[in-house]
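Participant: Here you go, one structure.
The values are calculated or read from the model by the stated rules, or taken from the named source; none is laboratory data. This is a predicted model, so every value here is computed, not measured. With ideal geometry, Cβ positions are generated from the backbone for all residues, glycine too; neighbour counts draw on all protein chains shown.
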Amino acid sequence: MPVELERRGPVAIATLNRPEVLNALSLEMLDELDTLLDTIERDPTLRVVVITGAGEKAFSAGADIRHMREASALEARAYAQRGHQTTSRIESFPKPVLAAVNGYALGGGCELALACDIRLASETARFGLPEVNLGILPGWGGTQRLARTTSSGFAKELIFTGRMCPADEALRHGLVNHVHAHAELLDRAVALGEEIATKPAWSISAAKEVVNLALDGDLRGHLARELDAFALAFTTDDQREGMAAFFEKRPPKFAGH
Ligand code: COA
């Protein structure tokens, strides 16, 4: 299955499972994640969700570039809208969702982690929004949620340079709550989930909803603007060049249009 569900007492572990492409998020994976969230939402014995990635290297290396390479602006918009659907669902899911970031969390992978309530990272985690290297920009909520979670300056630096940030730097900027040894990460995430699961379910769910309001400030409107900018990027030559260069494993040569 593209996403695996494991139950550990009250904690549901959803593992993104395409390690051969560093858990890049295909449409099938997003659909499967939604189906698992349906199951978890309906089961009162499951109180907390932990999302992690299969394999040693990645949480998720982002949206599937293969899927986007030849996309028109309208197709790219629809794909980003699908990403928004899943990230917004996680953000408003009635149970806490923790990200156990076990390696690369790039592009859509970083945006998925940002939609979670709490992020824990292993020492090997690397965060980034490298879309500019592909001639596009973040389109799954990253422009909004990275700025809201950290600071606009840090978000702009990561987005403008496309560079990766190691776990200790992510911790300093409030992008993650804790950094753990790689081998301990999942157990520590489950332990935090178990602690939360001892608390009253309704209070936790209501608290999540209300804390989210603290950061809301027309998130919906701004996400719509992000969708449009993301789609427009697919009308540029730089998008074709950026994605071709990725698969040809060479640095891109951007023309500026
Ligand atoms: N979409 C589709 N395929 C991806 C992918 C993505 N987001 N990220 C990685 N892959 C594939 C690679 O094409 C490669 O496939 P191949 O074995 O058929 O060549 C495989 O996953 C392994 O990746 P590779 O690049 O060879 O691993 P690496 O260890 O050299 O580099 C990364 C790791 C994460 C630095 C590099 O894969 C990367 O930059 N990925 C893209 C990240 C990105 O731009 N995400 C934003 C997307 S909007």
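Participant: Is there any pair with a first residue in the stretch 200-215 that is part of a helix (DSSP H, G or I) and a second that is of a type outside the set (Asp, Glu) whose Cβ atoms are under 6 Å apart and which are 6 or more apart or on different chains, and what are they?
Facilitator: As it stands, the answer is Ser205/Pro94, since those pairs meet every condition given.
Participant: Right, another one. Taking the condition of being basic (Lys, Arg) and modelled with pLDDT under 95, how many residues in the stretch 161-207 meet it?
Facilitator: 1
Participant: Of all residues in the stretch 115-164, how many are in contact (Cβ under 8 Å) with a residue 60 or more places away in the chain, under 11 Å from the mean Cα position of the chain (by Cα), surrounded by 24 or more Cβ atoms within 10 Å (Cβ to Cβ) and away from the ligand (no atom under 12 Å from the Cβ)?
Facilitator: 1
Participant: Just need a number here: residues in the stretch 1-30 that are surrounded by 14 or more Cβ atoms within 10 Å (Cβ to Cβ), under 18 Å from the mean Cα position of the chain (by Cα) and not aliphatic (A, V, I, L, M).
Facilitator: 8
Participant: Need pairs with beta-carbon distance below 8 Å; first residue within 18 Å of Thr87 (Cα to Cα) and within the stretch 11-34, second charged (D, E, K, R) and part of a helix (DSSP H, G or I); sequence gap 6+ or separate chains.
Facilitator: Ala24/Arg66; Leu27/Arg82; Leu30/Arg82; Asp34/Arg89
Participant: Filter the stretch 63-76 down to the residues that are over 10 Å from the mean Cα position of the chain (by Cα) and either within 19 Å of Arg145 (Cβ to Cβ) or acidic (Asp, Glu) (or both) and list them by number.
Facilitator: Across the stretch 63-76, the qualifying residues are Asp64, Glu70, Glu75.
Participant: Can I ask one more? Only one of Ala207, Ala181, Ala224 is touching a strand residue (DSSP E or B) at 6+ places or on another chain (Cβ under 8 Å) and exposed (fewer than 15 other Cβ atoms within 10 Å of the Cβ); which?
Facilitator: Ala181
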